[in-house]
Amino acid sequence: MRIAVAGATGNIGSLTVAALERDGHDVVRISRSLGVDLVTGDGLDAALTGVEAVVDATNAPANDRDATVEYLGAATRNLLAAEERAGVRHHVLLSIVGIHRVEGNPHYAGKREQERLVSAGPVPWTVVPATQFHDFAEMVACWTERDGVATVAPLLVQPVAPADVARVLAEVAVGEPRERHPDVAGPQTQDLVDMARRTHRARGREVTLVPTWSGMFGTEMAGEVLLPGEDAHITPTTFDAWLAMRR
């Protein structure tokens with residue numbers, strides 16, 4: 001099966017490409033660095049020739065709400081229009097658990113716009129919401145670290161291994177469109193501050209972590225807001241197992 005992956009050079013995109021290729025599929029990589037620009041549409045029609053399904057694992061800088069919504073909206077509109085011209089039968093969008101319960105986060109606003117466009121668009125679709133990835137805590141701490149001190153919001157999450165998400169996306173892409181897929185999550189709930197602490201310890205780094213809601217993640221994300229629904233697709237890789245593989 002010929003399948004395109006948008007955002008193919010990113011973390012999840014590259015893992016999805018690998019999962020699809022292991023299963024013997026013909027994968028088209030879509031990325032600006034590879035000559036296909038989703039925002040302008042340049043190269044899209046040629047890239048989607050003969051493609052039956054598209055996995056959208058694109059991302060965007062999330063510093064500004066309007067800019068993020070505009071960027072992801074333009075990319076999604078161009079991608080869907082090109083898919084319709086090419087006769088693509090299935091659009092698979094990677095999304096995030098909890099985005100409809102959190103208003104203030106710029107990235108979540110962009111993902112909501114993607115979901116809106118896909119669900120109202122011309123191509124049969126599946127949205128796959130995933131929880132935060134296992135490397136999310138380290139990434140958040142890195143954003144704020146100064147002189148060995150980092151602030152981290154005490155989020156309650158049920159993190160998932162990126163490779164497990166990629167396998168789900170690959171499986172969904174070869175199946176029939178189902179509109180909304182159950183939430184995809186890892187097997188255990190975790191505290192984001194503790195995840196960051198354990199990740200740094202595994203890396204042999206000493207970073208003082210200050211739990212706070214004063215950063216980009218506000219109290220509207222507290223409690224169980226980011227946890228998966230009861231019918232969630234639970235993947236096998238624990239946070240500890242992921243850490244052990246990364247050492």
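Points to keep in mind about this one:
- Other-chain or far-sequence residues with amide H under 5 Å of I96's (modelled H): A130
- Sum of side-chain charges, P236 neighbourhood, beta-carbon under 12 Å (Lys, Arg +1; Asp, Glu -1): 0
- Label point 7 Å beyond Cα of M1 along Cβ direction - residues of the stretch 115-138 with amide nitrogen under 17 Å: 123-128
- Full-extension gain in nm, D37 to R246, via 0.36 nm per residue minus C-alpha separation: 72.0 nm
- Charged neighbours of G50, selected by a Cβ distance under 14 Å, balance to -1 (K, R count +1; D, E count -1).
- Ordering of 63-69, 178-184 by packing is 178-184, 63-69, highest average first (other Cβ atoms within 10 Å, averaged per residue).
- For V55, the residues 5 or more places off, or on other chains, whose built amide H falls under 5 Å of its own are A4, V5, A6, V92.
- Helical runs assigned H by DSSP (4 residues or longer) give the chain a calculated mean residue ellipticity at 222 nm of -11500 deg cm²/dmol, each run adding -39500 (n - 2.57) before division by the residue total.
- With both labels modelled 7 Å from their Cα along Cα-to-Cβ, the M139 to H100 distance reads 2.3 nm.
- Under 5 Å between amide hydrogens, built in the peptide plane, is the criterion, and for A153 it picks out T212 among residues at least 5 positions away or on other chains.
- Under Karplus coefficients 6.51, -1.76 and 1.60, residue-wise ³J(HN,Hα) of the stretch 97-109 in Hz, glycine/proline x: 5, x, 5, 7, 10, 10, 8, x, 7, x, 5, 5, 4
- Antiparallel DSSP beta bridges within the stretch 2-246, percent to nearest 5: 10 percent
No lab work stands behind these numbers, since they all come straight from the coordinates. Everything quoted here is computed from the prediction, not taken from an experiment. Neighbour counts are summed over all protein chains in view; Cβ atoms, including those assigned to glycine, are modelled from backbone coordinates with ideal geometry.
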